[in-house]
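For reference, the structure is listed below as structure tokens.
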Amino acid sequence: MPHACASITVSSIASQRDADAFYALNEEWISRLFTLEAEDRAVLGDPFGRIVAPGGDVLVAREPGSGTVVGCIALLAYPDAVFELAKMAVAPAAQGRGIARQLIAAAIDRARALGGTRLFLGTNTKLAPAIHLYEDAGFVRITRDRLPVSDYYARADVLMELT
């Protein structure tokens with residue numbers, strides 16, 4: 001069921017246009033703050049094949065009326081009912097409206113609906129506002145040895161798990 005509030009609607013990715021918005025929104029902030037890695041390009045370039053088909057989802061936040069995608073968040077599926085919260089982005093012009101908070105809540109609900117029993121994420125100290133939102137949603141910091149994956153983004157210096 002779509003989440004609505006703050007004049008936006010959050011729902012699962014539904015078209016190539018949504019996939020293009022997912023790529024563009026993430027490319028903007030990753031390229032500005034870090035380096036877009038090969039794995040970023042692979043996942044962002046094929047969200048249906050790399051995220052949805054293996055059992056995850058991409059949620060997009062749309063403006064009412066126009067349907068313009070102004071935010072997104074991905075849920076990557078791993079074995080043993082583990083999901084990763086990843087690739088959250090909100091268009092710079094739409095920031096400050098609670099969209100990221102709404103995306104996080106919708107993604108947590110979606111992970112549970114998909115049968116997830118563990119939800120983790122990696123972020124960076126440069127993203128203090130995002131870290132605060134994750135903490136508000138119930139995520140706590142964990143050490144790298146607690147990650148359910150071995151090869152993980154070099155830029156992730158803050159690792160968190162939902163409690």
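Just to verify a number: what accessible area does GLU63 come out at with the full protein assembly present, 1.4 Å probe, Å² rounded to tens?
Solvent-accessible area, nearest 10 Å²: 50 Å².
Please label the shape of the stretch 1-94 as rounded, prolate or oblate, based on the square roots a ≥ b ≥ c of the eigenvalues of the alpha-carbon gyration tensor (a/c under 1.5 means rounded; beyond that, a/b larger than b/c means prolate, else oblate).
Details: a/c = 1.80, a/b = 1.18, b/c = 1.52.
Judged from the Cα gyration tensor, the stretch 1-94 comes out oblate (a/c at least 1.5, b/c at or above a/b).
Using only helices, what value at 222 nm comes out for the chain when you add -39,500 (n - 2.57) per DSSP H run of length 4 or more and divide by the total residues, to the nearest 500 deg cm²/dmol? Numbers along the way, then the final one.
Working: 4 runs with 50 residues, N = 163.
Using -39500 (n - 2.57) per qualifying helix, the result is -9500 deg cm²/dmol.
Under unit Cβ charges (Lys, Arg +1; Asp, Glu -1), what dipole magnitude, rounded to 20 debye, does the chain have relative to its Cα centre? Working shown, then result.
Working: 16 positive and 19 negative charges, 58 e Å.
It works out to roughly 280 debye.
Report, in debye and to the nearest 20, how large the dipole of the stretch 60-116 comes out about its Cα centre when Lys and Arg carry +1 and Asp and Glu carry -1 on their Cβ. Could the numbers behind the result be given before it?
Values: 6 positive and 4 negative charges, 34 e Å.
In debye, rounded to 20, the stretch 60-116 gives about 160.
Sorting THR143, THR117 by accessible area (1.4 Å probe), largest first, what list results? It would help to have the intermediate numbers written out before the result.
Details: THR143 80, THR117 115 Å².
Listed by decreasing accessible area, they come as THR117, THR143.
What is the chain by shape, rounded, prolate or oblate, if you read a ≥ b ≥ c off the alpha carbon gyration tensor as root eigenvalues and call it rounded for a/c under 1.5, prolate for a/b larger than b/c, and oblate otherwise? Walk me through the numbers on the way to the answer.
Numbers: a/c = 1.30, a/b = 1.28, b/c = 1.02.
Since a/c stays below 1.5, the shape of the chain is classed as rounded.
Check every DSSP H run in the chain and write down those whose alpha carbon atoms cover 18 angstrom or more along the long axis and whose mean Kyte-Doolittle hydropathy is 0.0 or greater.
Numbers: long enough: 16-33 (26 Å, -0.71); 99-113 (21 Å, 0.51).
Length and hydropathy pass: 99-113.
How many percent of Cα pairs in the stretch 4-55 exceed 17 Å? Mind dumping the intermediate values first?
Details: 570 of 1326 pairs.
Tail of P(r) above 17 Å: 43 percent of Cα pairs.
The values are calculated or read from the model by the stated rules, or taken from the named source; none is laboratory data. Not measured: the values here are computed from a predicted model. Note that each Cβ is placed from the backbone with ideal geometry, even for glycine, and that neighbours are counted across all protein chains shown. Please note that ligands, DNA and RNA were not included when accessible areas were found on the heavy atoms of the full protein model with its side chains. Shrake-Rupley method; radii C 1.70, N 1.55, O 1.52, S 1.80 Å.
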